[in-house]
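Q: Just passing along the structure, written as structure tokens.
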Amino acid sequence: MKVGSLPAFFFVREYGGVMQEKRGEMLTQKETSLLTAIEKAADSHGMEIITVEVIGAKRAPIIRVYIDTPSGVSFNELSSAQAWIGELLDDIDPFPGAYTLEVSSPGIDRPLRTAEHFKRFRGEEAKVKTVEPIGGSSNFRGEIVSVDDVLVLKTEESTVEIAFDNIRRANLVGKIDLH
């Protein structure tokens, strides 16, 4: 992972919709269906969809899509993704009424959603919030040691094994090198 300040650009565009409540899973059913639809088109645009979030008020939710490319995310990639994702969402009309689409780079605190994401950043520091507590805690911060059937994090206190279905949210801990 490169160290330094990475901008987290995003575009916002108004659309239409009603939001489902988060139920503790890493992605809700609505987020999963949107992610699946967007990922199908992403390969043809040379992009990876990191994750999708549906947040905000039920009457006017925000659909936040994090993208990445092998060479990083520039203004041009964001602009292009905003256009084709917007068209795709117009076609599938995920929510009745208004909603906002935000397309963003993953930023320095990149979200981690899949085992492949964790494997790619083995050796890096991550923050993980669990659905169910492990040893009395639901918040962990440590080095990604291994990723097989479970995620293994080496924290300051110990090494913890976290089942993937117990991860509510996870992201890298961004580091800025001032030298």
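Q: Match the structure shown to one of the listed values [x] 16.8; [y] 21.6; [z] 17.2 of Kirkwood radius over Cα pairs in Å, computed from it, and give that label.
A: [z]
Q: With point charges of +1 on the Cβ of Lys and Arg and -1 on the Cβ of Asp and Glu, referenced to the Cα centre of the chain, which listed residue (Val160, Thr51, Thr114) lies farthest in the positive direction of the dipole?
A: Of Val160, Thr51, Thr114, it is Val160.
Q: Further question: Kindly provide the helix-only [θ] at 222 nm of the chain, computed as the sum of -39,500 (n - 2.57) over DSSP H runs of four or more divided by all residues, to the nearest 500 deg cm²/dmol?
A: Value at 222 nm, helices only: -6500 deg cm²/dmol.
Q: Now for a separate question. For a quick check: with amide H placed at 1.01 Å from N, whose amide H comes under 5 Å from Lys175's, ignoring anything fewer than 5 positions away on the same chain?
A: Here Gly4 satisfy the definition.
Q: Using θ = phi - 60° and the Karplus curve 6.51 cos²θ - 1.76 cosθ + 1.60, what whole-Hz ³J(HN,Hα) does each residue of the range 165-179 get, with Gly and Pro shown as x?
A: Computed from phi, the couplings for the range 165-179 are 6, 9, 8, 7, 7, 8, 7, 5, 9, x, 10, 10, 9, 8, 9 Hz.
Q: For His45, His117, what's the largest-to-smallest order of accessible area, 1.4 Å probe?
A: Ranking His45, His117 by accessible area, largest first, yields His45, His117.
Q: Suppose every Lys and Arg Cβ carries +1 and every Asp and Glu Cβ carries -1, with no other charges. What dipole size does the chain come out with about its Cα centre, to the nearest 20 debye?
A: 400 debye
Q: Under a 1.4 angstrom probe, counting protein chains only, how are Ser71, Ser138 ranked by accessible area, largest first?
A: Result, largest first: Ser71, Ser138.
Q: Counting pairs of alpha carbon atoms under 8 Å apart in space and at least six apart in sequence, what relative contact order in percent does the range 24-131 give?
A: About 27 percent, as a whole number.
Q: Right, next: Tell me which of Ile63, Ser146, Ala83 sits at the most positive position along the dipole axis of the chain, charges placed on C-beta atoms (Lys, Arg +1; Asp, Glu -1).
A: Positive-end residue among those listed: Ile63.
Q: Also, I was wondering about something else. Averaging sequence separations of C-alpha pairs under 8 Å and six or more residues apart, then dividing by the length of the range 60-179, give the relative contact order as a whole percent.
A: Once divided by the residue count of the range 60-179, the mean separation gives 25 percent.
Q: If the limit is 22 Å between Cα atoms, which of Lys30/Lys119; Lys127/Lys175; Lys58/Lys127; Lys30/Lys154 go over it?
A: Lys30/Lys119; Lys58/Lys127; Lys30/Lys154
Q: How many angstrom lie between the Cα centre of the range 115-178 and the Cα centre of the range 35-78?
A: 23 Å
The values are calculated or read from the model by the stated rules, or taken from the named source; none is laboratory data. This one's a predicted model, so the numbers in the text were calculated from it and none came from an experiment. Cβ atoms come from the backbone with ideal geometry, glycine included; neighbour counts cover every protein chain shown. These area figures cover heavy atoms from the full protein model, side chains too; ligands, DNA and RNA do not enter into them. Shrake-Rupley method; radii C 1.70, N 1.55, O 1.52, S 1.80 Å.
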